[in-house]
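The values are calculated or read from the model by the stated rules, or taken from the named source; none is laboratory data. Keep in mind it's a predicted model, so treat the numbers as computed, not measured. Cβ coordinates were reconstructed from backbone atoms using ideal geometry, including for glycine residues, and neighbour counts include every protein chain displayed. Only protein heavy atoms, including side chains, enter the accessible area calculation; ligands, DNA and RNA are left aside. Shrake-Rupley method; radii C 1.70, N 1.55, O 1.52, S 1.80 Å.
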Amino acid sequence: MPYVEGQTIHDADSHVMELPGTINRYIDPKFRDAFVAKTGRKDVLPEWFAKAAAQQEDPEFRAGAEANILLRKNYEALGAFKAQDRPATLDHLGFASQLVFTTACLSNFGLEQMGEVELAVETARAHNRMMTEFCSVDRRLLATGYVPLIDRARAPQIAREALALGAKALVIPSRHPPGFSPSHVELDPLWALAQEAGVPVLFHVGGEEKMARDYLENGLPFVKDFHGGDENFTSLTFMAIPLSLWQTLSALIIDGVFDRFPRLKWGAIELGASWLPSLMHFLDSGVAAFGKEERLQKLSARPSQILRRQFRATPYPHEDTRWIIENSGEEMCLFSSDFPHVEGGRNPLKRFNDSLQGASETARRRFFRDNFIDLMGAGLDPALHDLPELQAA
């Protein structure tokens with residue numbers, strides 16, 4: 001029995017849990033040694049992750065996959081790193097489709113911030129080959145292609161190649177590229193390409209500027225993340241997650257990018273959404289305060305209206321989703337599971353249903369189905385809009 005029954009739900013966030021060294025196989029051999037030297041990537045899993053991954057070869061362990069489809073996390077989860085297992089994972093989950101993101105490459109290994117332009121470009125291209133190959137086993141799996149903005153001239157080329165490989169959405173970092181704004185006019189060919197292809201441009205957690213480490217120097221014992229290390233978020237560093245995106249969206253709207261490409265959809269995935277109503281109001285108030293600026297007078301509508309027209313976001317399951325929808329718009333929020341990451345929880349459907357208590361049926365349908373279809377555009381085959389058993393309903 002699948003996790004979801006009798007309802008079409010699209011999952012806006014899931015992941016591959018790459019085994020160490022996976023990306024290396026996809027990097028052009030001419031750049032492989034330089035990549036390893038610059039990033040220091042180790043081809044060894046921590047002991048407890050390695051033990052979990054090894055269980056995927058145990059027939060008895062695999063026999064319990066369906067019953068534990070949302071209980072087993074990271075490398076223990078069915079389809080976490082074996083592409084051939086992922087269709088069965090979707091069958092057990094019951095989602096109509098699933099956007100798939102990397103885990104290891106979410107920040108493009110920091111290469112853009114290092115100023116390593118060639119390596120950043122080649123690693124992004126390798127990522128796109130890796131992701132599209134993984135997702136090619138099932139059309140319900142929607143591969144994401146990463147486009148570094150550090151080289152403005154080559155960004156459209158990388159995007160075009162990713163789409164030709166089978167990517168259904170393009171991902172860019174939420175932080176600005178070194179030295180210029182993501183609203184730079186020389187990036188317009190990239191946005192034009194995405195708009196013409198009918199695919200969205202997405203931001204995903206991992207591509208933002210992190211909280212300055214000075215805030216962690218508080219004279220108190222060091223606080224580890226939920227994995228027991230220091231690579232993920234704590235309650236304090238979590239607070240900086242939307243700050244880069246807040247600035248980037250502001251630049252894209254105020255500098256007219258959203259208006260120059262009014263059919264292009266944008267999405268924020270695993271970046272939360274409680275901040276969204278505040279951004280909408282703050283942008284509107286900023287435009288009112290500085291309304292004499294020529295660029296503001298050219299805007300097609302209030303920033304909040306532009307965002308409602310073109311922007312979508314995934315709340316975290318611990319956020320008050322109904323409140324976010326009521327204070328932003330019914331067309332703006334999406335369901336996500338974060339499978340197989342721990343952060344997604346063991347019962348995301350229940351948590352979101354609980355949070356949506358009292359919301360209208362229209363708002364609920366939009367959250368679980370319609371807004372995702374709208375976001376994905378041509379990136380989602382119309383045959384996948386509904387589950388087969390519900391298509392005639």
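Quick rundown of the values:
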read-out: Residues of the stretch 14-28 satisfying the condition of being modelled with pLDDT under 95 and either of a type in the set (D, E, K, R) or over 19 Å from Phe134 (Cβ atoms) (or both); value: Glu18, Arg25
read-out: Criterion violated by Arg366 - all others in (1) part of a helix (DSSP H, G or I); (2) open to solvent by 60 Å² or more (accessible area, probe 1.4 Å); (3) over 23 Å from Ser14 (Cβ atoms) satisfied; value: (3)
read-out: Positions within the stretch 254-282 being open to solvent by less than 20 Å² (accessible area, probe 1.4 Å), outside any loop (DSSP other than H, G, I, E, B) and within 18 Å of Cys333 (Cβ to Cβ), in sequence order; value: Trp266, Gly267, Ala268, Ile269, Leu276, Pro277, Leu279, Met280
read-out: Cβ pairs under 9 Å, 6+ apart, first in the stretch 12-31 and in a helix (DSSP H, G or I), second of a type in the set (Gly, Ala, Ser); value: Ile23/Ala104; Ile23/Ala126; Asn24/Ala126; Arg25/Ala126; Tyr26/Ala126; Phe31/Ala126
read-out: Looking only at the stretch 304-337, and only at residues there that are among the hydroxyl-bearing types (Ser, Thr, Tyr) and free of Cβ contacts under 8 Å to residues at least 60 places away in the same chain, the one that is nearest to Leu249 (Cα to Cα); value: Ser304
read-out: Sole exception among (1) open to solvent by less than 40 Å² (accessible area, probe 1.4 Å); (2) within 14 Å of Asp13 (Cβ to Cβ) for Ser355, by number; value: (2)
read-out: Condition broken by Leu93, with the remaining ones in (1) in contact with a Phe, Trp or Tyr (Cβ under 6 Å, 6 or more places away or on another chain); (2) among the aliphatic types (A, V, I, L, M); (3) free of Cβ contacts under 8 Å to residues at least 24 places away in the same chain satisfied; value: (3)
read-out: Residues (among the polar types (S, T, N, Q) and touching a strand residue (DSSP E or B) at 6+ places or on another chain (Cβ under 8 Å)) located in the stretch 137-174; value: Thr144, Ser174
